[in-house]
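The values are calculated or read from the model by the stated rules, or taken from the named source; none is laboratory data. Here the structure is a predicted model, which means the values were calculated and not measured. Neighbour counts are summed over all protein chains in view; Cβ atoms, including those assigned to glycine, are modelled from backbone coordinates with ideal geometry. The area values use the complete protein model at the heavy-atom level, side chains included, leaving out ligands, DNA and RNA. Shrake-Rupley method; radii C 1.70, N 1.55, O 1.52, S 1.80 Å.
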Amino acid sequence: MTNSLVFEAINLHYSYGKIAALDGLNLNISQGERIAFLGANGSGKSTLLRLLDALYFPSSGELRYQGTKLTEELFEEESFAFAYRREVALVFQNPDVQLFCPTVYEEVAFGPLQMKWPKEVIRVRVAETLELLKISHLAERVPHQLSGGEKKKVALASVLILDPKVILLDEPCAALDPRSQMQIIDFLAEWGNKSKTVVTATHDLHTLEDIADKCVVFEQGKIIASGAPHDILHDHDLLKRSNLMHSHRHRSVAGHVHQAE
Amino acid sequence: MNVSRVLESTLSQLTGTLAQSETTLKTGGDPRVKVIGALLVTVAAVSVRRWAILAALLVLLSGVAILAGITWKRLFAGWAGGLFFAAVVAVPAVFNSGWQLALLLVLRSEASLTCWMLLILTTPFNLVLRALQALSVPTVFIAILSMTFRYIFLLVQTAQDMLLSRRSRIVGRMTGADHRRMLSSTAGVLLGKSMQMSDDVYHAMASRGFRGEIRVMQNFEMATRDWSLLVSVAALAAAVFVTGR
């Protein structure tokens, strides 16, 4: 596994029944790259994340991870499945589906336990990971009873304990208050010291430059543009076309109404 | 009180009960012994034909439950649920075979229920699953139980949110027919959502390496206390079985 190309999507198609979610996608993601998938709802971002996490498999086309073509058969082999699950981790948009254990401690320990790590190692790693995200005080709490920001941090901890090489984030700041958003963004900006690959699906243009070095814009299962965050953010026509920006009215302090973007 | 209010209130109580069930009482003990004990006592209880023996068993189990820290309120809530289902069989039995048989049926179900409440409320659910696995229950069965437990919280929460959002958009009074129509359409949408959600929960587990086998941090080791408990429960079940026939 020495290929610096982490993921390689070649003419990738995926459909839900007759509805095409990804339509002939070609994309390369390199090691250490911080890439953001932008697009309106239903543009195919989340589906692609699930394909990258090998939860779905392509209807046609190829998806390669470090040169190896990902297939369902390959994941039947426990050794490959565990190695992949350890190296590639997904944080779901809705933390409630990801938090299913009775306590935060067990939630964070869940992944390593499945991968048959020694229990002594798991205890040490759980303590370190909780400390890393500053949530040690939540260890014995029930995940369902946490606030949105805390749930997100626990969801993040539950995959970071595996020390993945690639982390896939589906709307990491959705429905979070500004403070929790910034805590997550700050953490992601510093995490891994640029050696990790971070793939984020988001609508949030404000945090784009903090979390990505490259953006890919999706529309109806196809890539319609890619480039540096600065370039994408200044292409207003592109952002409007992909429903990421729209003209709307602002009421100023003086009570005047004006158009803004 | 209209149908949807009743449903909302039921869902709200269910959420509370489920939330409480996550914080089980820490009584210790090997969960395998508890599972085997619950099975033995249940088998003995359903074989009993004398209501006085069942009543004595129920009193004994209730005493153990109280000693284990389960509140009367919780016990009564469980019994009320059990009574509802037992009544379906017991009420016709009153007219066909007499009150003694009806009483026997109710006591059987309540004694068995108390036994399993004792297990579930004093043992974290993942340990119960791990114990079932250690007792060679098929993995598929355990995986289904595991998924159901994780997913039921989300389902109840979603149903509650849907009913609440519906209520916030209703102006004026609805007829009984309107309520029934609304509930049936809500049930349909909920079914669709629940399928999506069950998919998501499974994917979230698979994404972190879950392959159908339950693994927990605790190691199971039979201590003297566990052997004593196992022998005591087996003796109790045998006594109930013999005296109750």
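Below is a table of values for the structure above.
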quantity: Within segment B:130-150, considering residues that are within 11 Å of chain A (Cβ to nearest Cβ) and surrounded by 19 or more Cβ atoms within 10 Å (Cβ to Cβ), the one farthest from B:MET195 (Cα to Cα); calculated: B:ARG130
quantity: Selection count, segment A:6-27, where residues are open to solvent by less than 40 Å² (accessible area, probe 1.4 Å) and either out of contact with any strand residue (DSSP E or B) (no Cβ under 8 Å at 6 or more places or on another chain) or not β-branched (Val, Ile, Thr) (or both); calculated: 9
quantity: Test set (1) more than 14 Å from every other protein chain (Cβ to nearest Cβ); (2) assigned to a helix (DSSP H, G or I) - B:MET174 fails condition number; calculated: (2)
quantity: Residue satisfying all of: in segment A:113-133; open to solvent by 10 Å² or more (accessible area, probe 1.4 Å) and at the interface with chain B (Cβ under 7 Å from one of its Cβ atoms); farthest from the chain's Cα centre (by Cα) among these; calculated: A:LYS119
quantity: Hits in segment A:65-112 - residues which are among the β-branched types (Val, Ile, Thr) and either under 22 Å from the mean Cα position of the chain (by Cα) or assigned to a helix (DSSP H, G or I) (or both); calculated: A:THR68, A:THR71, A:VAL88, A:VAL91, A:VAL97, A:VAL104, A:VAL108
quantity: Filtered residue count, segment A:28-40, keeping only those that are touching a residue at least 40 places away in the same chain (Cβ under 8 Å) and open to solvent by 10 Å² or more (accessible area, probe 1.4 Å); calculated: 5
quantity: Number of the exception - B:GLY212 against (1) touching a Ser or Thr at 6+ places or on another chain (Cβ under 6 Å); (2) not in a loop (DSSP other than H, G, I, E, B); calculated: (2)
quantity: Residue satisfying all of: in segment A:82-112; surrounded by fewer than 20 Cβ atoms within 10 Å (Cβ to Cβ) and without any contact (Cβ under 8 Å) to a residue 24 or more places away in the chain; farthest from the other protein chains (Cβ to nearest Cβ) among these; calculated: A:ALA83
quantity: Single residue of segment B:47-76 satisfying the filter (open to solvent by 70 Å² or more (accessible area, probe 1.4 Å) and not in a loop (DSSP other than H, G, I, E, B)) that is nearest to B:THR122 (Cα to Cα); calculated: B:LEU67
quantity: Qualifying positions in segment B:101-120 - closer than 13 Å to B:VAL240 by Cβ and either acidic (Asp, Glu) or over 13 Å from the mean Cα position of the chain (by Cα) (or both); calculated: B:LEU107, B:ARG108, B:ALA111
quantity: When residues of segment A:236-261 are limited to those that are crowded, with 16+ Cβ neighbours inside 10 Å and not hydroxyl-bearing (Ser, Thr, Tyr), the one modelled with the lowest pLDDT; calculated: A:MET245
quantity: Within segment B:133-147, tally of residues that are within 17 Å of the chain's Cα centre (by Cα) and farther than 12 Å from B:ARG215 by Cα; calculated: 4
quantity: Selection count where residues are charged (D, E, K, R) and more than 10 Å from chain A (Cβ to nearest Cβ), scope segment B:178-205; calculated: 4
quantity: Any hit, segment B:211-223, residues being loosely packed, with under 13 Cβ neighbours inside 10 Å, more than 13 Å from chain A (Cβ to nearest Cβ) and without any contact (Cβ under 8 Å) to a residue 12 or more places away in the chain; calculated: no
quantity: Selection count where residues are buried (at least 17 other Cβ atoms within 10 Å of the Cβ) and not small (Gly, Ala, Ser), scope segment A:215-234; calculated: 9
quantity: Yes/no for B:LEU155 being part of a helix (DSSP H, G or I), more than 24 Å from the chain's Cα centre (by Cα) and touching a residue at least 24 places away in the same chain (Cβ under 8 Å); calculated: no
quantity: Where a residue in segment B:58-77 is outside the structural domain of B:LEU229 (by TED's automatic domain parsing) and under 13 Å from B:TRP116 (Cβ atoms) and its partner, wherever it lies, is open to solvent by less than 30 Å² (accessible area, probe 1.4 Å) and in a helix (DSSP H, G or I), with Cβ under 7 Å and at least six apart; calculated: none
quantity: Segment A:52-61, subset in contact (Cβ under 8 Å) with a residue 40 or more places away in the chain, in contact with a Phe, Trp or Tyr (Cβ under 7 Å, 6 or more places away or on another chain) and within 14 Å of chain B (Cβ to nearest Cβ), residue most open to solvent (accessible area, probe 1.4 Å); calculated: A:TYR56
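Conditions (1) within 13 Å of another protein chain (Cβ to nearest Cβ); (2) open to solvent by less than 40 Å² (accessible area, probe 1.4 Å); (3) over 21 Å from A:VAL88 (Cα atoms), marked per residue:
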| residue | (1), (2), (3) |
| --- | --- |
| A:SER136 | no, no, yes |
| A:GLN145 | yes, no, yes |
| A:LYS151 | yes, yes, no |
| A:ILE167 | yes, yes, no |
| A:CYS173 | no, yes, no |
